[in-house]
């Protein structure tokens, strides 16, 4: 049992940013074969194609993570432009996958991993986006990101 206690403590040590990025890259590539990851200019960049259902459009996504701030997920192709009705951030068109204040979640690179949070949430986002394309209504709970006029 002592081994597991020591192992848990080691995960919370202050790791260099590059080590965090390398760790994330290895975990993501082991868990998700559709993503290809590289580390460029101090950022982890993962690109891949997803298809929520057999009837869906295939989407190319890009995940960008600097080991400091929360990872960002972008739709590269086909481009999905911001609209008040869908759950995206208007500033950079990245997907909004959680609401820090109401979901009680703040990204912590020392304890959170992209493979078991951000990627599953992004996959779920696309299911709701496909439903939105059919119904015209965003079905998943969300906080509005409306652009002030």
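Structure data summary
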{"item": "In the range 113-127, the residues that are part of a helix (DSSP H, G or I), more than 12 Å from residue 56 (Cβ to Cβ) and out of contact with any helix residue (DSSP H, G or I) (no Cβ under 9 Å at 6 or more places or on another chain)", "result": "118, 120, 121, 122, 124, 125"}
{"item": "Strands (runs of 3 or more DSSP E) within the range 1-110 that include 2 or more residues at pLDDT below 90, out of contact with any helix residue (DSSP H, G or I) (no Cβ under 6 Å at 6 or more places or on another chain) and loosely packed, with under 11 Cβ neighbours inside 10 Å", "result": "none"}
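The values are calculated or read from the model by the stated rules, or taken from the named source; none is laboratory data. Fair warning: this is a prediction, and the values are worked out from it, not measured in the lab. Every residue, glycine as well, gets a Cβ built from its backbone with ideal geometry; the counts of neighbours run over all protein chains shown.
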